[in-house]
Amino acid sequence: MALSPSSLPVLHKKLDIVSLEELKNVLNRSLKNNFKDVEVSVVDCPDLTKEPFTLAKPGLGGNTKLVEVGGAPYLLPTVQKDKVYDLKDVAKLANAVNVFIIGAGAGPYPYAGVNCEGIFNLVIENSTVQQQTRIAKVDQGKNESCHQEILPDTETRMALLGNLFFSEGKPGKVLKIHAKTRTGNKDFIASIRESLEQEFPNKLIGLGGTFLLKEGKAKQHVMRDFSKTPIGTEEELNKWLKFYNMSAPMIAVGTLINGEGGLDLRVQHFHSFSHHGEAGHYHIDVTPETVEYLGYFNVGEEIYRIDAPKETHSFGRD
Ligand SMILES: [Zn+2]
(Lines give C-alpha, C1' and ligand atoms only; values in the text may rest on other atoms or scores of the structure.)
Protein backbone atom coordinates (compact mmCIF):
# COMPACT_ATOMS: atom_id res chain seq x y z
CA MET A 1 0.00 0.00 0.00
CA ALA A 2 1.32 3.41 -1.01
CA LEU A 3 -0.32 6.57 -2.26
CA SER A 4 -0.87 6.75 -5.98
CA PRO A 5 1.80 8.99 -7.55
CA SER A 6 -0.85 10.73 -9.65
CA SER A 7 -2.43 11.98 -6.41
CA LEU A 8 0.75 13.69 -5.21
CA PRO A 9 1.27 17.39 -5.98
CA VAL A 10 4.81 18.26 -7.12
CA LEU A 11 6.54 21.64 -6.94
CA HIS A 12 9.91 22.19 -8.54
CA LYS A 13 12.53 24.90 -8.41
CA LYS A 14 16.08 25.39 -9.64
CA LEU A 15 18.53 25.95 -6.81
CA ASP A 16 21.34 28.48 -6.97
CA ILE A 17 24.67 26.89 -7.74
CA VAL A 18 27.71 28.08 -5.86
CA SER A 19 31.06 26.53 -6.69
CA LEU A 20 32.55 24.07 -4.23
CA GLU A 21 35.65 26.32 -4.09
CA GLU A 22 33.57 29.27 -2.93
CA LEU A 23 31.79 27.14 -0.34
CA LYS A 24 35.14 25.85 0.84
CA ASN A 25 36.43 29.38 1.42
CA VAL A 26 33.29 30.46 3.28
CA LEU A 27 33.12 27.39 5.50
CA ASN A 28 36.83 27.31 6.30
CA ARG A 29 36.34 30.72 7.85
CA SER A 30 32.87 30.47 9.43
CA LEU A 31 32.97 26.97 10.92
CA LYS A 32 35.78 28.16 13.18
CA ASN A 33 33.07 29.98 15.17
CA ASN A 34 31.76 26.59 16.24
CA PHE A 35 34.72 24.18 16.07
CA LYS A 36 38.33 24.47 17.19
CA ASP A 37 39.82 22.52 14.28
CA VAL A 38 38.28 22.97 10.85
CA GLU A 39 39.52 21.80 7.49
CA VAL A 40 37.31 22.22 4.43
CA SER A 41 38.60 21.19 1.02
CA VAL A 42 37.41 20.20 -2.43
CA VAL A 43 38.37 16.61 -3.16
CA ASP A 44 37.55 13.68 -5.40
CA CYS A 45 34.88 11.80 -3.52
CA PRO A 46 36.34 8.75 -1.79
CA ASP A 47 34.56 5.47 -2.51
CA LEU A 48 31.59 5.80 -0.15
CA THR A 49 30.70 2.12 -0.56
CA LYS A 50 33.84 1.34 1.49
CA GLU A 51 34.34 1.56 5.25
CA PRO A 52 33.66 3.70 7.15
CA PHE A 53 30.71 5.06 5.10
CA THR A 54 29.32 1.84 3.56
CA LEU A 55 26.76 3.62 1.36
CA ALA A 56 25.00 1.99 -1.57
CA LYS A 57 26.93 3.97 -4.25
CA PRO A 58 30.47 5.34 -4.42
CA GLY A 59 29.87 9.05 -5.12
CA LEU A 60 27.43 11.98 -4.86
CA GLY A 61 27.57 13.17 -8.48
CA GLY A 62 25.17 13.33 -11.42
CA ASN A 63 21.76 15.05 -11.59
CA THR A 64 21.81 16.20 -7.98
CA LYS A 65 18.51 17.13 -6.39
CA LEU A 66 17.02 17.75 -3.00
CA VAL A 67 13.65 16.06 -2.65
CA GLU A 68 11.36 16.80 0.27
CA VAL A 69 8.27 14.63 0.64
CA GLY A 70 5.33 15.20 3.02
CA GLY A 71 6.11 16.90 6.29
CA ALA A 72 5.77 17.01 10.06
CA PRO A 73 2.09 18.11 9.84
CA TYR A 74 1.31 14.54 8.68
CA LEU A 75 2.69 13.26 12.00
CA LEU A 76 1.76 16.04 14.44
CA PRO A 77 -0.50 16.61 16.20
CA THR A 78 -2.17 13.44 14.85
CA VAL A 79 -0.73 10.89 12.44
CA GLN A 80 -2.21 10.56 8.94
CA LYS A 81 -1.56 6.90 8.31
CA ASP A 82 -2.47 7.06 4.63
CA LYS A 83 0.75 9.05 4.02
CA VAL A 84 2.89 6.22 2.70
CA TYR A 85 5.06 6.82 -0.36
CA ASP A 86 6.91 4.40 -2.61
CA LEU A 87 10.36 5.82 -3.40
CA LYS A 88 10.14 4.29 -6.89
CA ASP A 89 7.17 6.61 -7.48
CA VAL A 90 8.93 9.53 -5.80
CA ALA A 91 11.93 9.01 -8.12
CA LYS A 92 9.67 9.16 -11.19
CA LEU A 93 7.92 12.29 -9.89
CA ALA A 94 11.35 13.91 -9.46
CA ASN A 95 12.38 12.93 -12.99
CA ALA A 96 15.08 10.60 -11.74
CA VAL A 97 15.45 7.36 -13.66
CA ASN A 98 18.61 5.78 -12.29
CA VAL A 99 19.09 7.20 -8.85
CA PHE A 100 21.07 6.90 -5.64
CA ILE A 101 18.88 8.09 -2.77
CA ILE A 102 20.17 9.02 0.68
CA GLY A 103 18.42 10.87 3.45
CA ALA A 104 16.27 11.14 6.53
CA GLY A 105 12.60 10.30 6.87
CA ALA A 106 10.02 8.15 8.53
CA GLY A 107 10.46 4.45 7.83
CA PRO A 108 7.72 2.26 6.38
CA TYR A 109 5.54 1.54 9.43
CA PRO A 110 3.41 -1.03 7.51
CA TYR A 111 6.59 -3.11 7.07
CA ALA A 112 7.99 -2.50 10.58
CA GLY A 113 4.69 -3.02 12.37
CA VAL A 114 5.34 0.18 14.34
CA ASN A 115 6.34 3.75 13.63
CA CYS A 116 10.06 3.98 12.87
CA GLU A 117 12.92 6.14 11.61
CA GLY A 118 14.25 5.63 8.09
CA ILE A 119 17.93 6.07 7.28
CA PHE A 120 17.53 5.95 3.53
CA ASN A 121 20.39 4.64 1.42
CA LEU A 122 19.37 2.83 -1.77
CA VAL A 123 19.85 2.59 -5.49
CA ILE A 124 17.04 2.29 -8.02
CA GLU A 125 18.38 1.43 -11.48
CA ASN A 126 16.39 0.08 -14.39
CA SER A 127 13.67 -0.71 -11.83
CA THR A 128 15.97 -2.98 -9.84
CA VAL A 129 16.58 -1.99 -6.23
CA GLN A 130 19.70 -2.27 -4.14
CA GLN A 131 18.53 -1.51 -0.63
CA GLN A 132 20.90 -0.47 2.15
CA THR A 133 18.32 1.53 4.08
CA ARG A 134 18.13 0.95 7.81
CA ILE A 135 15.11 1.50 9.96
CA ALA A 136 15.27 2.18 13.70
CA LYS A 137 12.47 1.53 16.15
CA VAL A 138 12.04 1.65 19.89
CA ASP A 139 11.94 -1.87 21.26
CA GLN A 140 8.49 -2.53 22.64
CA GLY A 141 9.98 -4.16 25.77
CA LYS A 142 10.43 -2.37 29.08
CA ASN A 143 13.97 -1.10 28.52
CA GLU A 144 13.00 0.62 25.24
CA SER A 145 16.35 -0.06 23.59
CA CYS A 146 16.96 1.01 20.01
CA HIS A 147 16.46 -1.67 17.39
CA GLN A 148 18.05 -1.24 13.95
CA GLU A 149 17.45 -3.42 10.92
CA ILE A 150 18.14 -3.28 7.20
CA LEU A 151 15.28 -3.25 4.70
CA PRO A 152 15.01 -5.94 2.02
CA ASP A 153 15.29 -4.94 -1.67
CA THR A 154 11.55 -5.47 -2.02
CA GLU A 155 10.67 -2.75 0.51
CA THR A 156 10.99 0.78 -0.94
CA ARG A 157 8.39 2.72 1.03
CA MET A 158 8.77 5.81 3.21
CA ALA A 159 6.04 7.17 5.48
CA LEU A 160 4.88 10.69 6.38
CA LEU A 161 7.94 12.80 5.62
CA GLY A 162 11.43 12.71 4.22
CA ASN A 163 14.37 14.84 3.16
CA LEU A 164 16.29 13.08 0.44
CA PHE A 165 19.35 13.77 -1.69
CA PHE A 166 19.19 12.31 -5.18
CA SER A 167 22.23 11.77 -7.38
CA GLU A 168 23.50 9.14 -9.78
CA GLY A 169 26.09 8.10 -7.21
CA LYS A 170 28.90 9.00 -9.57
CA PRO A 171 32.42 9.84 -8.46
CA GLY A 172 33.51 13.46 -8.79
CA LYS A 173 34.42 16.55 -6.82
CA VAL A 174 32.77 17.02 -3.43
CA LEU A 175 33.15 19.24 -0.41
CA LYS A 176 35.07 17.56 2.39
CA ILE A 177 34.41 19.00 5.84
CA HIS A 178 36.50 17.84 8.74
CA ALA A 179 35.76 19.40 12.14
CA LYS A 180 37.02 18.57 15.62
CA THR A 181 36.32 19.85 19.13
CA ARG A 182 33.09 21.82 19.28
CA THR A 183 33.48 25.21 20.94
CA GLY A 184 30.10 26.72 19.94
CA ASN A 185 26.55 25.60 20.63
CA LYS A 186 25.52 24.61 17.11
CA ASP A 187 25.35 21.09 15.79
CA PHE A 188 27.56 20.16 12.82
CA ILE A 189 24.84 20.66 10.22
CA ALA A 190 23.39 23.88 11.69
CA SER A 191 26.88 25.38 11.72
CA ILE A 192 27.15 24.73 7.96
CA ARG A 193 23.58 25.82 7.18
CA GLU A 194 23.70 29.03 9.19
CA SER A 195 27.00 29.96 7.53
CA LEU A 196 25.29 29.66 4.15
CA GLU A 197 22.31 31.70 5.39
CA GLN A 198 24.58 34.51 6.46
CA GLU A 199 26.92 34.44 3.49
CA PHE A 200 24.32 33.97 0.73
CA PRO A 201 21.10 35.65 1.92
CA ASN A 202 19.82 36.16 -1.62
CA LYS A 203 20.57 32.68 -2.89
CA LEU A 204 18.86 29.34 -2.24
CA ILE A 205 21.60 26.76 -1.77
CA GLY A 206 20.94 23.13 -0.91
CA LEU A 207 23.49 20.49 0.01
CA GLY A 208 23.18 16.78 0.48
CA GLY A 209 25.57 14.11 1.56
CA THR A 210 26.93 12.15 4.43
CA PHE A 211 28.99 12.65 7.55
CA LEU A 212 30.70 10.35 9.94
CA LEU A 213 30.55 10.94 13.67
CA LYS A 214 34.11 9.68 14.03
CA GLU A 215 34.64 10.24 17.75
CA GLY A 216 32.23 10.99 20.57
CA LYS A 217 28.54 10.51 21.18
CA ALA A 218 25.48 12.17 19.70
CA LYS A 219 22.03 12.89 21.03
CA GLN A 220 19.64 11.14 18.67
CA HIS A 221 15.97 10.31 18.87
CA VAL A 222 13.87 7.44 17.65
CA MET A 223 10.13 7.97 17.34
CA ARG A 224 8.07 5.75 19.58
CA ASP A 225 5.00 4.09 18.06
CA PHE A 226 2.25 6.52 17.03
CA SER A 227 0.82 8.44 19.95
CA LYS A 228 -2.76 7.57 20.88
CA THR A 229 -3.32 11.17 21.96
CA PRO A 230 -2.59 14.29 19.90
CA ILE A 231 0.85 15.87 20.39
CA GLY A 232 0.34 19.62 20.58
CA THR A 233 3.37 21.09 22.30
CA GLU A 234 7.14 20.85 22.13
CA GLU A 235 7.06 19.36 25.63
CA GLU A 236 4.62 16.61 24.63
CA LEU A 237 6.72 15.93 21.54
CA ASN A 238 9.92 15.53 23.56
CA LYS A 239 8.14 13.19 25.94
CA TRP A 240 6.90 11.05 23.07
CA LEU A 241 10.28 10.85 21.31
CA LYS A 242 12.76 8.43 22.83
CA PHE A 243 16.20 10.10 23.17
CA TYR A 244 19.50 8.26 23.28
CA ASN A 245 23.18 9.16 23.40
CA MET A 246 24.55 7.06 20.56
CA SER A 247 28.23 6.24 20.10
CA ALA A 248 30.65 6.75 17.22
CA PRO A 249 31.18 5.57 14.61
CA MET A 250 27.82 6.63 13.18
CA ILE A 251 27.12 7.36 9.50
CA ALA A 252 24.63 10.18 8.85
CA VAL A 253 22.78 10.97 5.60
CA GLY A 254 20.52 13.87 4.70
CA THR A 255 20.11 17.39 3.37
CA LEU A 256 20.40 21.01 4.40
CA ILE A 257 19.26 24.21 2.72
CA ASN A 258 19.81 27.85 3.58
CA GLY A 259 16.16 28.93 3.28
CA GLU A 260 12.64 27.77 2.60
CA GLY A 261 12.36 29.20 -0.91
CA GLY A 262 8.59 29.57 -0.46
CA LEU A 263 8.27 25.78 -0.47
CA ASP A 264 7.67 25.19 3.26
CA LEU A 265 10.90 23.24 3.64
CA ARG A 266 12.57 21.52 6.53
CA VAL A 267 15.95 23.25 6.42
CA GLN A 268 18.06 20.42 7.81
CA HIS A 269 17.45 16.76 8.45
CA PHE A 270 20.02 14.00 9.00
CA HIS A 271 19.59 10.43 10.24
CA SER A 272 22.47 8.15 11.21
CA PHE A 273 23.00 4.42 11.20
CA SER A 274 25.83 2.31 12.58
CA HIS A 275 27.30 -1.15 12.44
CA HIS A 276 26.75 -1.62 16.18
CA GLY A 277 22.95 -1.52 16.33
CA GLU A 278 22.28 2.15 17.00
CA ALA A 279 20.45 4.44 14.56
CA GLY A 280 18.20 7.49 14.70
CA HIS A 281 17.63 11.19 14.09
CA TYR A 282 20.73 13.35 14.68
CA HIS A 283 20.40 16.37 16.97
CA ILE A 284 23.88 17.25 18.27
CA ASP A 285 26.95 15.63 19.76
CA VAL A 286 27.05 15.46 23.57
CA THR A 287 30.85 15.24 23.72
CA PRO A 288 32.02 18.64 22.42
CA GLU A 289 35.57 18.25 23.73
CA THR A 290 36.28 15.01 21.94
CA VAL A 291 33.89 15.13 19.00
CA GLU A 292 35.18 14.64 15.47
CA TYR A 293 33.14 14.90 12.28
CA LEU A 294 34.12 13.99 8.72
CA GLY A 295 31.60 14.87 6.01
CA TYR A 296 31.29 14.76 2.22
CA PHE A 297 28.66 16.93 0.54
CA ASN A 298 27.57 17.99 -2.92
CA VAL A 299 25.44 20.88 -4.13
CA GLY A 300 21.91 20.17 -5.33
CA GLU A 301 20.99 21.60 -8.73
CA GLU A 302 17.26 21.67 -8.07
CA ILE A 303 14.63 20.91 -5.47
CA TYR A 304 11.42 18.91 -5.72
CA ARG A 305 8.70 19.42 -3.11
CA ILE A 306 6.26 16.51 -3.19
CA ASP A 307 2.93 16.32 -1.37
CA ALA A 308 3.55 19.38 0.80
CA PRO A 309 0.94 19.61 3.57
CA LYS A 310 -1.77 22.13 2.74
CA GLU A 311 -2.22 23.02 6.38
CA THR A 312 1.23 23.49 7.79
CA HIS A 313 3.03 24.47 10.99
CA SER A 314 6.64 24.92 12.03
CA PHE A 315 6.46 22.45 14.90
CA GLY A 316 8.60 19.30 15.11
CA ARG A 317 11.26 20.27 12.58
CA ASP A 318 14.36 20.17 14.82
ZN1 LIG B 1 14.17 12.74 11.53
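The values are calculated or read from the model by the stated rules, or taken from the named source; none is laboratory data. Remember, predicted model here, so these are calculated numbers, not experimental data. Backbone-built Cβ (ideal geometry, glycine too); neighbour counts: all protein chains shown. These accessible areas exclude ligands, DNA and RNA; they are computed on the full protein's heavy atoms, side chains included. Shrake-Rupley method; radii C 1.70, N 1.55, O 1.52, S 1.80 Å.
Quick look at the values:
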| quantity | calculated |
| --- | --- |
| Length added when fully stretched, residue 139-residue 21, from 0.36 nm per residue minus Cα-Cα | 38.0 nm |
| Exposure ranking of 154, 210 by accessible area [1.4 Å probe, largest first] | 154, 210 |
| Debye equation applied to the C-alpha atoms of the stretch 192-271, log10 I(q)/I(0) at 0.15 Å⁻¹ | -0.76 |
| Normalised contact order of the chain, rounded percent, pairs of Cα under 8 Å and 6 or more residues apart | 29 |
| Vicinal HN-Hα couplings computed from phi for the stretch 278-289 (Karplus, 6.51 cos²θ - 1.76 cosθ + 1.60; Hz; Gly/Pro x) | 9, 6, x, 8, 6, 9, 6, 6, 10, 10, x, 6 |
| Overall Cα dimensions of the stretch 1-141 - principal axes, largest extent first, Å | 46, 39, 31 |
| Gain on full stretching of the segment that runs from residue 149 to residue 88 - 0.36 nm per residue minus C-alpha separation | 19.9 nm |
| Gaussian network model of the chain, springs between alpha carbon atoms under 10 Å - residue of 269, 283, 12 with greatest fluctuation | 12 |
| All-pairs Cα distance distribution in the stretch 1-69, expressed in whole percent, bin size 10 Å | 14, 26, 37, 16, 7 |
| Residue-span extension gain [residue 32 to residue 12] - 0.36 nm each, minus C-alpha spacing | 3.8 nm |
| Amide H contacts under 5 Å for residue 284, placed H, 5+ residues apart | 219 |
| Sulfur and carbon atoms: percent of accessible area, the chain [1.4 Å] | 48 |
| Charge dipole magnitude, Cβ of K and R +1, D and E -1 - the stretch 161-318, Cα centre, debye nearest 20 | 320 |
| Karplus (6.51, -1.76, 1.60) ³J(HN,Hα), θ = phi - 60°, over the stretch 136-153, in Hz, Gly and Pro reported as x | 10, 9, 7, 4, 6, x, 5, 7, 6, 6, 7, 10, 10, 8, 9, 7, x, 4 |
| Separation in nanometres of the label points that stand 7 Å from Cα toward Cβ, at residue 128 and residue 317 | 4.0 |
| Spin-label proximity, residue 50 to the stretch 281-313 - amide N less than 16 Å from point 7 Å beyond Cα toward beta carbon | 296 |
| Estimated dipole of the stretch 232-308 in Debye, rounded to 20 [Cβ of Lys and Arg +1, of Asp and Glu -1, Cα centre] | 180 |
| Distance histogram for the stretch 81-172 (every C-alpha pair counted, 5 angstrom bins, percent rounded to whole numbers) | 3, 14, 26, 24, 16, 9, 4, 3, 1, 0 |
| Three-way shape call for the stretch 266-318 based on the alpha-carbon gyration tensor, with the a/c threshold at 1.5 | prolate |
| Per-residue HN-Hα couplings for the stretch 118-125 [Karplus 6.51, -1.76, 1.60; θ = phi - 60°; Hz; x = Gly/Pro] | x, 10, 7, 6, 8, 10, 10, 9 |
| Amide H partners (placed H, <5 Å) of residue 169, local residues excluded | 61, 100 |
| Size of electric dipole in the chain: Cβ of Lys, Arg +1 and of Asp, Glu -1, about Cα centre, debye, nearest 20 | 80 |
| Mean accessible surface per residue for the chain, computed with a 1.4 Å probe while every protein chain stays in place, in Å² | 40 |
| Surface/4 estimate of mean projected area, convex hull on alpha-carbon atoms of the chain, nm² | 14.6 |
| For residue 214, distant residues with modelled amide H under 5 Å away | 292, 293, 294 |
| Sites residue 170 and residue 290 - FRET efficiency at Förster radius 30 Å, r taken between beta-carbons, to 0.05 | 0.30 |
